[in-house]
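One structure is given here, and the rest of the page talks about it.
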Amino acid sequence: MATFIQTSGGYLRSTRINYWTIFAVQTFVALFAILVNVSKPVDFGKFHPNDIMAYFIPTIALGGLIASQIIFKQRLHRISERSQFKQKLECYKSALMTRFALLEGPNLMVLAAYFFTDNPLYLAMAILSLVVYLSALPNVKSISRDLKLTSEESAHLGNPAYPLA
């Protein structure tokens, strides 16, 4: 059985593929919800203090945004204790996937709420969450900054042919 040695270019490519796939899923769900609700008149809903959705959906959306940042920062702090470059990158990818999941899950719930209620405020929350998600695009500069890589490690990460052995 042949062994596969990943390069830093392959690492970045696979990380970006995961990133854009998660973004595409959220975008397609948003477009589907918009297309289904486009023929309905805009209705901001009638606020009722006992309506759980009026509290639950914004709380979930905000909670996902805050949790993604806090947990990502905690995991980054633990990564700095790793000594090997490859270990740092593997742990960083795991931290990124956790961050992406904590941004995606609540956003999909907000989009489902928009789909069922046709309340444009939920759509605005989903779009805001997508903008935050877009700011988390992994690249050499952000990875180097987040992991506090040395100049040598940053050069290795920037070299697409560098083997991560």
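The values are calculated or read from the model by the stated rules, or taken from the named source; none is laboratory data. Treat the numbers as computed from the prediction; the structure is a model and nothing was measured. Virtual Cβ from ideal backbone geometry, glycine too; neighbours counted across all protein chains shown. Areas reflect the complete protein model, heavy atoms only, side chains present, ligands, DNA and RNA absent. Shrake-Rupley method; radii C 1.70, N 1.55, O 1.52, S 1.80 Å.
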Taking segment 49-71 and keeping only residues that are open to solvent by 80 Å² or more (accessible area, probe 1.4 Å) and either within 15 Å of T117 (Cβ to Cβ) or basic (K, R) (or both), one is left with I52, Y55, F56
Across (1) open to solvent by less than 40 Å² (accessible area, probe 1.4 Å); (2) touching a residue at least 60 places away in the same chain (Cβ under 8 Å); (3) within 18 Å of F28 (Cα to Cα), V110 clears everything bar (2)
Inside segment 113-143, the number of residues satisfying the requirement of being open to solvent by 70 Å² or more (accessible area, probe 1.4 Å) and not in a helix (DSSP H, G or I) is 1
Check your understanding: Quick check: is even one residue across segment 27-44 under 16 Å from the mean Cα position of the chain (by Cα) and free of Cβ contacts under 8 Å to residues at least 60 places away in the same chain?
Key -> yes
In segment 144-165, anything in contact (Cβ under 8 Å) with a residue 60 or more places away in the chain, open to solvent by less than 60 Å² (accessible area, probe 1.4 Å) and either touching an Asp or Glu at 6+ places or on another chain (Cβ under 8 Å) or of a type outside the set (D, E, K, R) (or both) is listed as L147, L149, H156, L157, G158, L164
Condition first: without any contact (Cβ under 8 Å) to a residue 40 or more places away in the chain and not aromatic (F, W, Y). Can you find one or more residues in segment 113-123 that meet it? no
